[in-house]
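Student: One structure is given below, represented as structure tokens, and several questions about it will come after.
The values are calculated or read from the model by the stated rules, or taken from the named source; none is laboratory data. No experiment lies behind these values; they were computed from the predicted model shown. Cβ sites come from the backbone with ideal geometry, for glycine too, and all protein chains shown count toward neighbours. Quick note on the areas: whole protein, heavy atoms, side chains included, nothing else; ligands and nucleic acids left out. Shrake-Rupley method; radii C 1.70, N 1.55, O 1.52, S 1.80 Å.
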Amino acid sequence: MNICFSQKTNPNYDQELATKLGADDYGMKNYVFVILKTGTNESTNKTLKDSCFAGHMSNISRLVKEKKLIVAGPMAKNDNTYRGIFILDVPTLEDARVLLETDPAIKAKFLEPELYMWYGSAALSEYLDASDKVWKVGF
């Protein structure tokens with residue numbers, strides 16, 4: 001039996017946008033998906049903790065401006081000690097580790113990152129412009 005698959009061509013395909021976003025033929029690319037877990041630092045020093053988490057938020061803003069951080073957000077309380085997620089627009093785990101070393105809450109071990117390669121839509125970063133227009137109050 002000879003099975004033939006036909007490929008469908010997208011009539012909305014935009015070569016310029018696909019190239020700009022680093023999309024492959026499927027409109028996808030590699031990212032690094034990060035799960036932030038509760039770290040090993042159990043310090044009760046409120047000043048230190050507040051400073052590290054203020055730095056964490058500043059670092060998030062910087063990475064978004066640099067277009068390295070595409071998605072970030074906290075998770076609801078759970079049994080796995082998961083605190084939040086990042087999706088980093090970098091091609092390797094090592095590139096992600098370098099970025100994460102700039103986060104004060106990670107450096108102080110209040111947060112511990114777990115890193116995974118993830119294959120998703122290359123257009124994911126395009127939501128950032130809209131995202132910046134729907135919040136009223138910042139952290």
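Student: If the reach is capped at under 15 angstrom between alpha carbons, list the aspartates and glutamates near LYS49, excluding any in the same chain fewer than eight residues apart.
Tutor: Qualifying aspartates and glutamates at Cα under 15 Å: ASP103, GLU112.
Student: Remind me, relative contact order of the chain in percent, using alpha carbon pairs under 8 angstrom and six or more residues apart?
Tutor: 37 percent
Student: Still on this structure: Which percent of the accessible area of region 76-139 is formed by carbon and sulfur heavy atoms (probe 1.4 angstrom)?
Tutor: 57 percent
Student: Which lysines, on any chain, are close to LYS68 with Cα under 20 Å apart, when same-chain ones fewer than 8 places away are left out?
Tutor: Straight-distance partners of LYS68: LYS20, LYS29, LYS107, LYS133.
Student: Treating only the Cβ of Lys, Arg, Asp and Glu as charged (+1, +1, -1, -1), what charge dipole size does region 15-83 show about its Cα centre? Round to the nearest 20 debye.
Tutor: That gives a dipole near 280 debye.
Student: Then there is this: Counting heavy atoms of the protein chains only and a 1.4 Å probe, report the per residue accessible area for the chain as a whole number of Å². Intermediate results must be reported in sequence, preceding the final value.
Tutor: Working: 10100 Å² over 139 residues.
Per-residue accessible area for the chain comes out at 73 Å².
Student: Can you tell me how region 12-89 classifies by the Cα gyration tensor, rounded, prolate or oblate, using a/c under 1.5 as the rounded cut?
Tutor: In terms of gyration-tensor shape, prolate.
Student: Once you've got the GNM for the chain with C-alpha springs shorter than 10 Å, pick whichever of GLY84, GLY39, GLY22 has the biggest mean-square fluctuation.
Tutor: Per the Cα network of the chain with a 10 Å cutoff, GLY22 tops the list.
Student: I want to make sure I understand the PRE zone here: with the label point 7 angstrom from the Cα of GLU101 toward its beta carbon, which residues in region 117-136 have backbone N atoms less than 11 Å away?
Tutor: Backbone N within reach: none found.
Student: Let me ask you something else. If you line up the long axis of helix 46-65 against the longest principal axis of the chain, both from Cα atoms, how many degrees apart are they, to the nearest 10?
Tutor: 20 degrees
Student: Would you mind classifying region 55-131 by shape? Square roots of the alpha carbon gyration tensor eigenvalues, ordered a ≥ b ≥ c; an a/c under 1.5 is rounded, otherwise it is prolate if a/b is larger than b/c and oblate if not.
Tutor: Rounded, since a/c falls under 1.5.
Student: So, one more: Straight-line reach from LYS46: which lysines have Cα under 16 Å away, leaving out those fewer than 8 places along the same chain?
Tutor: LYS109
Student: For the chain, what does -39500 (n - 2.57) per DSSP helix run (n ≥ 4), summed and divided by total residues, give at 222 nm, in deg cm²/dmol to the nearest 500?
Tutor: So the calculated ellipticity at 222 nm is -9000 deg cm²/dmol.
Student: For the residue pair ALA54 and GLU126, what label-to-label distance in nm results when each label sits 7 Å from Cα along the Cα-to-beta-carbon direction?
Tutor: That separation, rounded to one decimal, is 3.9 nm.
Student: Also, I was wondering about something else. Between region 104-139 and region 6-55, what is the C-alpha centre distance in whole Å?
Tutor: 6 Å
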